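Notes follow the structure.
The values are calculated or read from the model by the stated rules, or taken from the named source; none is laboratory data. Remember, it's a predicted structure, so these values are computed and weren't measured experimentally. Methodologically, a virtual Cβ is constructed for each residue, glycine included, from the backbone with ideal geometry; neighbour enumeration extends over all protein chains shown.
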């Protein structure tokens, strides 16, 4: 599976770009999955639901299955957060896995940058950032720069960068 990431500071628009980019990549004939990393403590389950009660009772993993989807919840119970490589081993093979977050890992990434946030450009210190999408004007980045709303150009860049030929892989 090919891997490409979106990285940036909180509030930069990574998720917004991801949800615009995914349909473009899929229309090009690619099968695409995503991995989203967060530093927040997240619980997708709800107190009182059966699966929540299973986890609270001590289950290491709970699989919830319906006619429309299934999900696997794995409790770390004090164990370290799994690596991206470990997570990828659990995923069904696809043409491309888009990774949101994990900005300090070694896969190639596009930085989402909004100068209005007042945060420094990551690409200046991170050689794995191969392009930047921004809502401002940037100079001397050393990488390709795209307008944040130029989703078609960004999709084309990602496909070319990871060397995936649409509809022919």
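Odds and ends about this structure:
- Residues satisfying the stated conditions in segment 5-28, i.e. exposed (fewer than 14 other Cβ atoms within 10 Å of the Cβ) and in a loop (DSSP other than H, G, I, E, B): 10, 11
- Residue in segment 46-53 that is within 30 Å of residue 158 (Cα to Cα) and assigned to a loop (DSSP other than H, G, I, E, B) present: no
- Condition met for residue 136 (more than 19 Å from residue 100 (Cβ to Cβ) and assigned to a helix (DSSP H, G or I)): no
- Test result for residue 64, without any contact (Cβ under 8 Å) to a residue 60 or more places away in the chain and in a helix (DSSP H, G or I): no
- Residue match in segment 15-29 (condition: out of contact with any strand residue (DSSP E or B) (no Cβ under 7 Å at 6 or more places or on another chain) and modelled with pLDDT under 90): no
- Comparison of 43, 86 shows that the only residue that is at pLDDT below 95, loosely packed, with under 11 Cβ neighbours inside 10 Å and either over 20 Å from the mean Cα position of the chain (by Cα) or outside any loop (DSSP other than H, G, I, E, B) (or both) is 86.
- Residue ID - nearest to residue 117 (Cα to Cα), chosen from residues in segment 150-160 that are free of Cβ contacts under 8 Å to residues at least 24 places away in the same chain and either assigned to a strand (DSSP E or B) or out of contact with any strand residue (DSSP E or B) (no Cβ under 8 Å at 6 or more places or on another chain) (or both): 156
- Residue in segment 108-125 that is surrounded by the fewest Cβ atoms within 10 Å (Cβ to Cβ), counting only those that are closer than 12 Å to residue 141 by Cβ and touching a residue at least 60 places away in the same chain (Cβ under 8 Å): 122
- Residue that is closer than 28 Å to residue 158 by Cβ and either over 14 Å from the mean Cα position of the chain (by Cα) or part of a loop (DSSP other than H, G, I, E, B) (or both), where the choices are 91, 73: 91
- Some residue of segment 132-153 being closer than 17 Å to residue 3 by Cα and exposed (fewer than 12 other Cβ atoms within 10 Å of the Cβ): no
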